[in-house]
Amino acid sequence: MSKAKLGAVALGALRSNVATRRWPLATISVISTNRLLPLLLLSGVLVSGCSTVSRHFPTDSGSLAADPVRVLDRMSWGANPSSAREVMRMGIGQYIASQLKPDATPDLPQAVEAQIAAMTITQKSLLPLVGQLEQQRKEADTIKSDEDKKAAQQSYQQELTRLAREASTRALLRALYSSNQLREQMTWFWFDHFNVHQYKANLRAMVGDYEDRAIRPHALGHFRDLLRAVVYHPAMLIYLDNAQNAAGRINENFAREVMELHTLGVDGGYSQRDVQELARILTGVGVNLGSITPNVKRELQSQYLRDGLFEFNPNRHDYGDKQFLGQRVQGAGLKEVDEALDRLARLPSTARFISRKLATYFVSDDPPSALVERMAGEFERSDGDIAATLAALFASPEFAASLGGKFKDPIHYVVSAVRLAYDDKPILNAGPMINWLNRMAEPLHGRQTPDGYPMTSAAWASPGQMATRFEIAKAIGTGSAGLFRGEAPSTGERPAFPQLSNALFYGSLQPKLSKPTIEALDQANSPQEWNTFLLASPEFMNR
């Protein structure tokens, strides 16, 4: 079929979608003729004449061994030639086992490890880093000259932004090149679950440590340990205002989100009284950004705790007994917090809430209730073992049946495209990827509200999103994205052309492409256009 004829067929399908209000008519007017075909491919219109963007493509529902690359595509940040070879060498069962329980050996290429090692957030621990910044901020505030004060305050803000960019770059490098792909996916998942917004206060200096020390070590461990690490981290305490929570000045914000978003879920069976009582339990749990230890009452000095920036100040704690989730909590200081977290982590409501969210992330926008119940049962039996809960998910027939049908949110699209295009060749500049995520409204560490980014296709499948994805596909497919041009002039440039027409494509990806997609690829006028069409295809929108 000629390109002109294929375009005509596609245009008819597009008009059909407009007629049924699947696409707004205004969208067509901004699409030039030479972009129509790839945009139609991208939208999913060509898959079956008039399918919607969020259409799930049919998949084989047999054993995982029958389609290991699709399993890889779901469990990792995206299949690429090197990871596909590793899966074929190990076998899918051993691969899943190794991903669920990764060992401690270095899992990044040396060049990538060197990039990360050179970062300030890697070289400095949080206490001296934030202490230095606090001193810089205070000194800026004392400057008399308005012009000099403005310059000093701007320098402080720029340093915060630089540190936040390092955190985003490190997260992307690990997602691109770590051999422990499931751990990196789960690190992102849990950051989203326990979301903090980097632009509140000085959190741009903390998000890297929050991700690296509170979340990543526990991403496949026990949920109780993860929950405690999050609750005790200064980034979370500042973000949800518990640093201001004190006896006589109760702030319920953190307590409410711990139950509604982090553990039980909005329908998890707690009451407003439970929110108030948990807020009382959390009084005195806060942050100390300075070097001065507060004057604690003599009889309470043994209960004072300072660990880095974390501080438990017994002067600010409500020592009265509480009634939390139907049980008495005796006033005992910080011990109350651990008792409450134990209770929350082990309730059936938490098991179901976490299991449903994991199933939504890994299986479908509306996961089968039977799957969620089986996962919740494993969560309870294993005392919240995240890896064991995921093992139950991966072994399920529902997971096998869903492969290839989960729509990619922006970060999955961007990372999977770069992984497929450049395999294990280390990028020199993550800036283009950071900018793409900003354009698609999913910047790393940038969600303002504590609920985290949505995981369902409806949030990411708009015509505007699809048009942006086509532009990204073109930038990656033509090799013009700037990923291999260092940010500093001294780093130079290492030209790299994407190699998408490879053994992985012909052996595993091509057989799953629809006839219209294959016809469109056949009509490409250059390798660059071929790459663009593949990365913009409806099949590549799913994992």
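The values are calculated or read from the model by the stated rules, or taken from the named source; none is laboratory data. All values reported here derive from a predicted model rather than from experimental measurement. Positions of Cβ are generated from backbone atoms using ideal geometry, with glycine treated the same way; all protein chains shown enter the neighbour counts.
Please give the number of the condition L513 fails out of (1) of a type outside the set (D, E, K, R); (2) touching a residue at least 60 places away in the same chain (Cβ under 8 Å); (3) crowded, with 17+ Cβ neighbours inside 10 Å; (4) under 26 Å from S83 (Cβ atoms).
So L513 meets the others, but not (2).
Filter region 516-543 down to the residues that are of a type in the set (A, V, I, L, M, F, W, C), touching a Gly at 6+ places or on another chain (Cβ under 9 Å) and outside any loop (DSSP other than H, G, I, E, B), then identify the one that is surrounded by the fewest Cβ atoms within 10 Å (Cβ to Cβ).
W530
Only one residue in A488, A496, A520, A481 is modelled with pLDDT of 95 or more and among the hydrophobic types (A, V, I, L, M, F, W, C). Which one?
Values: A488 fails: modelled with pLDDT of 95 or more; A496 fails: modelled with pLDDT of 95 or more; A481 fails: modelled with pLDDT of 95 or more.
The conditions single out A520.
For V329, are the conditions met, namely being touching a residue at least 24 places away in the same chain (Cβ under 8 Å) and either more than 22 Å from D385 (Cβ to Cβ) or not hydroxyl-bearing (S, T, Y) (or both)?
yes
Give region 169-197 a look and list any residue that's closer than 19 Å to I238 by Cβ and assigned to a helix (DSSP H, G or I), or say none.
The first filter runs over region 169-197 and keeps only residues closer than 19 Å to I238 by Cβ, leaving 190-197.
The answer is W190, F191, D192, H193.
Filtering region 279-292 down to residues that are under 26 Å from L341 (Cβ atoms) and out of contact with any strand residue (DSSP E or B) (no Cβ under 7 Å at 6 or more places or on another chain), which residue is modelled with the lowest pLDDT?
Out of the qualifying residues, it is L289.
Sort out for me the helices (runs of 4 or more DSSP H) sitting completely within region 199-278 that have 2 or more residues that are touching a strand residue (DSSP E or B) at 6+ places or on another chain (Cβ under 7 Å) and closer than 27 Å to A167 by Cβ. Show your work before the answer.
Details: elements: 223-231, 234-239, 253-257.
Hits in region 199-278: 234-239.
So, restricting to helices (runs of 4 or more DSSP H) that lie completely within region 305-418, which ones have at least 3 residues that are in contact with a Pro (Cβ under 7 Å, 6 or more places away or on another chain)?
348-362
Quick one: which helices (runs of 4 or more DSSP H) sit completely within region 63-157 and have at least 3 residues that are charged (D, E, K, R)?
Answer list for region 63-157: 68-75, 81-90, 126-141.
Please count how many residues of region 133-191 are under 19 Å from L437 (Cα atoms) and among the charged types (D, E, K, R).
Selection size over region 133-191: 6.
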